[in-house]
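Encoded as C-alpha coordinates, the structure appears first; notes follow it.
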Amino acid sequence: IAISGFTYFAKTGVTSSWATFFFFFQILLNAIWSPLFFWKKWITVALVDLGLLWGAVATTIYLFSEESTTAAWLLVPYNIWLTLAFYLNLYIVIFKFFYYFWSSSFCLSSISVFFQIALHLSNLAIIG
(Lines give C-alpha, C1' and ligand atoms only; values in the text may rest on other atoms or scores of the structure.)
Protein backbone atom coordinates (compact mmCIF):
# COMPACT_ATOMS: atom_id res chain seq x y z
CA ILE A 1 0.00 0.00 0.00
CA ALA A 2 2.78 2.38 0.97
CA ILE A 3 4.86 1.60 -2.12
CA SER A 4 1.81 2.10 -4.32
CA GLY A 5 1.09 5.46 -2.69
CA PHE A 6 4.72 6.51 -2.94
CA THR A 7 4.82 5.54 -6.62
CA TYR A 8 1.64 7.45 -7.40
CA PHE A 9 2.44 10.58 -5.37
CA ALA A 10 6.03 10.70 -6.64
CA LYS A 11 4.60 10.99 -10.13
CA THR A 12 1.66 13.31 -9.46
CA GLY A 13 2.39 14.98 -6.16
CA VAL A 14 -0.01 15.05 -3.24
CA THR A 15 -2.83 17.04 -4.77
CA SER A 16 -6.48 17.48 -3.91
CA SER A 17 -8.02 14.79 -6.10
CA TRP A 18 -10.37 11.84 -5.87
CA ALA A 19 -7.40 9.48 -6.07
CA THR A 20 -5.83 11.11 -3.01
CA PHE A 21 -9.13 11.04 -1.13
CA PHE A 22 -9.77 7.33 -1.82
CA PHE A 23 -6.17 6.39 -1.05
CA PHE A 24 -6.31 7.94 2.42
CA PHE A 25 -9.92 6.81 2.96
CA GLN A 26 -8.94 3.18 2.38
CA ILE A 27 -6.06 3.58 4.85
CA LEU A 28 -8.54 4.87 7.44
CA LEU A 29 -10.94 1.97 6.79
CA ASN A 30 -8.04 -0.45 7.04
CA ALA A 31 -6.96 1.04 10.37
CA ILE A 32 -10.41 0.72 11.97
CA TRP A 33 -11.14 -2.86 10.85
CA SER A 34 -8.90 -4.57 13.40
CA PRO A 35 -10.31 -2.76 16.46
CA LEU A 36 -13.85 -3.41 15.23
CA PHE A 37 -13.26 -7.11 14.69
CA PHE A 38 -10.77 -8.09 17.41
CA TRP A 39 -11.23 -5.56 20.19
CA LYS A 40 -14.94 -4.68 20.05
CA LYS A 41 -16.04 -8.03 18.52
CA TRP A 42 -18.45 -6.15 16.24
CA ILE A 43 -18.07 -8.65 13.44
CA THR A 44 -21.04 -7.43 11.41
CA VAL A 45 -19.82 -3.82 11.52
CA ALA A 46 -16.35 -5.09 10.61
CA LEU A 47 -17.90 -6.87 7.61
CA VAL A 48 -19.49 -3.61 6.44
CA ASP A 49 -16.12 -1.92 6.92
CA LEU A 50 -14.46 -4.59 4.77
CA GLY A 51 -17.05 -4.09 2.05
CA LEU A 52 -16.41 -0.36 2.04
CA LEU A 53 -12.67 -0.99 2.14
CA TRP A 54 -12.85 -3.32 -0.85
CA GLY A 55 -14.78 -0.69 -2.79
CA ALA A 56 -12.39 2.07 -1.78
CA VAL A 57 -9.36 0.04 -2.87
CA ALA A 58 -11.02 -0.89 -6.18
CA THR A 59 -11.79 2.78 -6.77
CA THR A 60 -8.22 3.72 -5.85
CA ILE A 61 -6.90 1.14 -8.33
CA TYR A 62 -9.07 2.64 -11.05
CA LEU A 63 -8.08 6.23 -10.25
CA PHE A 64 -4.38 5.37 -9.87
CA SER A 65 -4.41 3.59 -13.23
CA GLU A 66 -5.14 6.87 -14.98
CA GLU A 67 -1.76 8.27 -13.89
CA SER A 68 0.40 5.27 -12.92
CA THR A 69 -0.36 1.70 -13.90
CA THR A 70 2.45 0.50 -11.63
CA ALA A 71 0.83 2.10 -8.59
CA ALA A 72 -2.52 0.59 -9.56
CA TRP A 73 -1.12 -2.92 -10.05
CA LEU A 74 0.64 -2.77 -6.69
CA LEU A 75 -2.80 -2.58 -5.02
CA VAL A 76 -4.28 -5.60 -6.83
CA PRO A 77 -2.83 -8.26 -4.44
CA TYR A 78 -4.19 -6.23 -1.54
CA ASN A 79 -7.68 -6.26 -3.04
CA ILE A 80 -7.40 -10.02 -3.59
CA TRP A 81 -6.50 -10.38 0.08
CA LEU A 82 -9.48 -8.20 1.03
CA THR A 83 -11.75 -10.50 -0.98
CA LEU A 84 -10.54 -13.47 1.07
CA ALA A 85 -10.84 -11.51 4.32
CA PHE A 86 -14.39 -10.48 3.40
CA TYR A 87 -15.33 -14.12 2.74
CA LEU A 88 -13.86 -15.23 6.09
CA ASN A 89 -15.58 -12.41 7.96
CA LEU A 90 -18.87 -13.22 6.23
CA TYR A 91 -18.49 -16.89 7.19
CA ILE A 92 -18.03 -15.91 10.84
CA VAL A 93 -21.08 -13.63 10.75
CA ILE A 94 -23.24 -16.37 9.23
CA PHE A 95 -21.88 -19.07 11.54
CA LYS A 96 -22.45 -16.92 14.60
CA PHE A 97 -26.01 -16.14 13.53
CA PHE A 98 -26.89 -19.79 13.02
CA TYR A 99 -25.11 -20.81 16.22
CA TYR A 100 -27.21 -18.39 18.27
CA PHE A 101 -30.35 -19.23 16.32
CA TRP A 102 -30.03 -22.99 16.72
CA SER A 103 -28.87 -22.84 20.33
CA SER A 104 -31.68 -20.57 21.55
CA SER A 105 -34.27 -22.25 23.74
CA PHE A 106 -37.10 -20.95 21.55
CA CYS A 107 -35.62 -22.54 18.47
CA LEU A 108 -34.91 -25.82 20.23
CA SER A 109 -38.43 -26.00 21.61
CA SER A 110 -39.85 -25.14 18.16
CA ILE A 111 -37.77 -27.86 16.56
CA SER A 112 -38.83 -30.29 19.26
CA VAL A 113 -42.51 -29.49 18.65
CA PHE A 114 -41.98 -29.83 14.88
CA PHE A 115 -40.43 -33.28 15.26
CA GLN A 116 -43.16 -34.40 17.67
CA ILE A 117 -45.83 -33.37 15.15
CA ALA A 118 -43.94 -35.05 12.30
CA LEU A 119 -43.55 -38.23 14.37
CA HIS A 120 -47.23 -38.21 15.26
CA LEU A 121 -48.26 -37.71 11.61
CA SER A 122 -45.95 -40.48 10.47
CA ASN A 123 -47.47 -42.81 13.13
CA LEU A 124 -50.94 -41.94 11.87
CA ALA A 125 -49.89 -42.70 8.32
CA ILE A 126 -48.41 -46.06 9.32
CA ILE A 127 -51.36 -47.08 11.50
CA GLY A 128 -54.09 -45.62 9.30
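The values are calculated or read from the model by the stated rules, or taken from the named source; none is laboratory data. The structure displayed is predicted, hence computed values, not measured ones. Cβ atoms come from the backbone with ideal geometry, glycine included; neighbour counts cover every protein chain shown. Accessible surface is based on the protein model in full, side chains and every heavy atom, while ligands, DNA and RNA are left aside. Shrake-Rupley method; radii C 1.70, N 1.55, O 1.52, S 1.80 Å.
Please give the length that would be gained between Phe38 and Ser16 if that part of the chain were fully extended, namely 0.36 nm times their separation in residues minus their C-alpha to C-alpha distance (nm, one decimal). Don't skip to the end; give the middle numbers.
Details: separation 22, 0.36 × 22 = 7.92 nm, distance 3.36 nm.
Contour length minus Cα-Cα distance gives 4.6 nm.
Can you list which of the chymotrypsin sites (Phe, Trp or Tyr not before Pro) found in the stretch 1-45 are DSSP loop residues with at most 11 other C-beta atoms within 10 Å?
Here no loop site has a sparse enough neighbourhood.
If each of Ser65 and Phe24 carries a label point 7 Å out from its Cα toward its Cβ, how far apart are those two points in nm?
For Ser65 paired with Phe24, the spin-label model returns 2.5 nm.
In the stretch 1-96, what percent of the accessible surface is made up of carbon and sulfur (1.4 Å probe, ligands and nucleic acids excluded)? Each step should come with its number before you reach the end.
On the way: 4520 of 5900 Å².
On the stretch 1-96, the fraction of accessible area on carbon and sulfur atoms equals 77 percent.
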